[in-house]
Amino acid sequence: IYTDLSTGKRSDGTQDVACFPGYQFKDSGFEESDYISKIITGKSIYKQHDPGEGGFVYAEPGMHYNVALLDIASMHPSSIIALNIFGEYTKRFKEIVDARLAIKHRDVEKLKTLLNGALADAIGSDEDMDILSDALKLVINSVYGFTTATFDNPFKDPRNVDNIVAKRGALFMVDLKEEVQKRGFTVAHIKTDSIKIPNATPEIIDFVMEFGKKYGYNFEHEATYSKMCLVNDGVY
């Protein structure tokens, strides 16, 4: 199922809970079959920002204090689920994601209920569970990769030249940056699936978490740094 991110309209006639009016992706003008050229040379624009083709990056280099680091748990898998990109099979993908989360929390009873109980026989020691978690992570990440692969496969929609899985998260982060700034806070750094807010209060942290939930994203408060030096777009 392909979603027009500017309107939220899906190719199956349903509607995403989120849309990003004004978002444009301008491809290279190559033929539809020349997928590699499109994905390499295509360009996105949203609210005067370049959201990037793999993730949005924003930085205000310098020294920052009392910096809350908020990170989205499994951004790309969450986007796949929110987009319902595999139609009736999205539910199966979600169960794989939920199974990995159940392992993380050692929720054995929840794990037994997923995928028709297929993972019940794999439940064992902590080491066994960690191995199973790694196996599920490999599946989850591979499936995302296949949605934007440069070769034909059952997970890839030929209309998906703008990598809507990564792009949905990037456009969300642009919206989040604006909303946090509107509330009088500095956004020191955004890197794909995380935001760093100096002088963060419990109220702005709660706001970010609730704002994420509206789009299908769950933030985790990873850390608060008493001081942080942001050197450039990627190093701190």
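Defining a contact as two alpha carbons under 8 Å apart and six or more residues distant in sequence, what relative contact order in percent does the chain show?
Across the chain, relative contact order equals 33 percent.
What accessible area per residue, rounded to a whole number of Å², is obtained for the chain using a probe radius of 1.4 Å?
The answer is 51 Å² per residue.
Please state the charge dipole magnitude for the chain, taken about the Cα centre, from unit charges on C-beta atoms (+1 on K and R, -1 on D and E), reported in debye and rounded to the nearest 20.
500 debye
Select from Ile72, Ile195, Ile131 the residue whose mean-square fluctuation is largest in a Gaussian network model of the chain (Cα-Cα springs shorter than 10 Å).
Ile131
From the backbone phi of the stretch 103-118, what are the Karplus-calculated ³J(HN,Hα) couplings (6.51 cos²θ - 1.76 cosθ + 1.60, θ = phi - 60°) in whole Hz, Gly and Pro given as x?
These are the phi-based 3J(HN,Hα) values: 5, 4, 8, 6, 8, 5, 5, 5, 4, 5, 8, 8, 6, 6, x, 5 Hz.
Under the classification rounded if a/c is under 1.5, otherwise prolate if a/b is larger than b/c and oblate if not, where does the stretch 66-195 fall, given a ≥ b ≥ c as square roots of the Cα gyration tensor eigenvalues?
oblate
List the aspartates and glutamates whose Cα lies under 18 Å from the Cα of Lys26, skipping any in the same chain that are fewer than 8 positions away.
Excluding near neighbours in sequence, the set is Asp4, Asp34, Asp50, Glu53, Asp157, Asp162.
Over the stretch 171-227, how many pairs of lysines fall under 16 Å by alpha carbon, counting only those 8 or more apart in sequence or from different chains?
Lysine pair count for the stretch 171-227: 6.
With the dipole of the chain worked out from charges on the C-beta (+1 for Lys and Arg, -1 for Asp and Glu) around the Cα centre, which of Val180, Gly216, Ile131 lies farthest toward the positive end?
The Cα lying farthest towards the positive end belongs to Val180.
Work out the length of the dipole vector of the stretch 75-180 about its Cα centre, built from +1 on the beta-carbon of each Lys and Arg and -1 on the beta-carbon of each Asp and Glu, and round it to the nearest 20 debye.
280 debye
Would you mind telling me the share, in percent, of accessible area of the chain contributed by carbon and sulfur at probe 1.4 angstrom?
Carbon and sulfur atoms account for 53 percent of the accessible area of the chain.
The values are calculated or read from the model by the stated rules, or taken from the named source; none is laboratory data. Just so it is clear, the model here is predicted, and its values are computed rather than measured. Here the Cβ is made from the backbone with ideal geometry for all residues, glycine too, and neighbour counts use every protein chain on show. Please note that ligands, DNA and RNA were not included when accessible areas were found on the heavy atoms of the full protein model with its side chains. Shrake-Rupley method; radii C 1.70, N 1.55, O 1.52, S 1.80 Å.
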